[in-house]
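Down below is the structure, laid out as structure tokens.
The values are calculated or read from the model by the stated rules, or taken from the named source; none is laboratory data. Treat the numbers as computed from the prediction; the structure is a model and nothing was measured. Don't worry about glycine lacking a Cβ; one is built from the backbone with ideal geometry, like all the others, and counts go over all protein chains shown.
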Amino acid sequence: MECSTGPPDPTSLAPPTGANPRPTSEFLTRKLWDVANSDPFGHRGDLTTLTEAIYFHGGDARAERDAFFSLSQASQDAIIEFLKTLQVLPEQRPRRHFDDDD
């Protein structure tokens, strides 16, 4: 389960080692219904957690982002846990399990 005391500090967020994020001129929108097996997150693939992906939404999604971070920590954690269940898998592929840090 992701745990935090509020929005992540954007200055402390960096792409994971070996990440190959998309250039800022490219924009990728992923499907929410398989978010649990579509990391890294973000339109450029440069975010490592669902909480970071929510935090960096602005523009049309700013109100939803702000609403998420106004929730209690327990409610935020419950939403993240729910999102981790959204997986679309081929018949032979095993269900993906997340560690507490995912």
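General observations
- Selection count where residues are part of a loop (DSSP other than H, G, I, E, B) and surrounded by 13 or more Cβ atoms within 10 Å (Cβ to Cβ), scope segment 76-88: 3
- Residue count, segment 50-75 (criterion: of a type in the set (A, V, I, L, M, F, W, C) and part of a loop (DSSP other than H, G, I, E, B)): 2
- So Glu26, is it modelled with pLDDT under 65, in a loop (DSSP other than H, G, I, E, B) and buried (at least 16 other Cβ atoms within 10 Å of the Cβ): no
- Subset tally (residues that are more than 17 Å from Asp34 (Cβ to Cβ), among the hydrophobic types (A, V, I, L, M, F, W, C) and modelled with pLDDT of 95 or more) for segment 48-102: 6
- Unmet requirement for Pro15, which otherwise passes all of (1) modelled with pLDDT under 60; (2) in contact with a Pro (Cβ under 6 Å, 6 or more places away or on another chain); (3) within 20 Å of Ile79 (Cβ to Cβ): (3)
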